[in-house]
């Protein structure tokens, strides 16, 4: 069995881990990551990681990436994925073979940036597109350690918070994973502290008023982002940069040499 650090600072030549931040919307996770980088530099004299540039898959003015990059003095790149598909009359779904191939073509542009800037890790902070690039860290609004009897993760996809509430879960957690070729299937790195599901209704009655239920889902997702994403996303990047996370050839995760099959929890 071979346990390999995601990033080994001993072999970095003394430089910090180089991070590319990918985002699609408000970029609050990326802002928290940059704030954490600055806080570490202030308290320790330097940060073990550095966000080198921001990349967005939107150019329609709905992404805050350019402002975040400008405020932090780092390069910003955008390449609108919708226009990419429309101009080529390609399907966007990664489930169709032609969609997956189109995704690889799109990602080839970002891959050139990754190589040119010698990026070690890609931090997906609210990046809403399927990605075919390697060495990505992603945040997901559910506890990915919860699995079915068949061993499959239960709360995956875009409706994870909604699904967890409808299933009667009493608490919600956010997860950080090291992405692979699937959707929310990669090695689980970290899981956040729980937030309570606040409702007095039985799960089977929640859909009687769909608008009210959607507002409830949105409110819980907002609270989970603040209490979960904003804490464990920067912390995971820091721990990777310090060489604390490692993965073996079977996709099992280790922290400081100890396996953490249900994700690291502080």
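Points worth noting:
- Residue ID - nearest to residue 50 (Cα to Cα), chosen from residues in region 122-157 that are in contact with a strand residue (DSSP E or B) (Cβ under 7 Å, 6 or more places away or on another chain) and surrounded by fewer than 16 Cβ atoms within 10 Å (Cβ to Cβ): 135
- Qualifying strands (runs of 3 or more DSSP E) (wholly inside region 1-68; at least 3 residues being buried (at least 16 other Cβ atoms within 10 Å of the Cβ) and in contact with a strand residue (DSSP E or B) (Cβ under 7 Å, 6 or more places away or on another chain)): 17-23, 49-56
- Taking first residues from region 205-218 that are closer than 12 Å to residue 161 by Cβ and partners that are in a helix (DSSP H, G or I), the Cβ contacts under 7 Å between residues at least 6 apart in sequence or on separate chains come to 213/206; 213/207; 217/161; 217/162; 217/165.
- Among the numbered conditions (1) closer than 21 Å to residue 30 by Cβ; (2) more than 19 Å from the chain's Cα centre (by Cα), the only one that residue 179 does not meet is (2).
Each reported figure results from applying straightforward, stated rules to the coordinates on display, with no laboratory input. Values in this document were obtained by computation on a predicted structure and should not be read as measured data. Cβ coordinates were reconstructed from backbone atoms using ideal geometry, including for glycine residues, and neighbour counts include every protein chain displayed.
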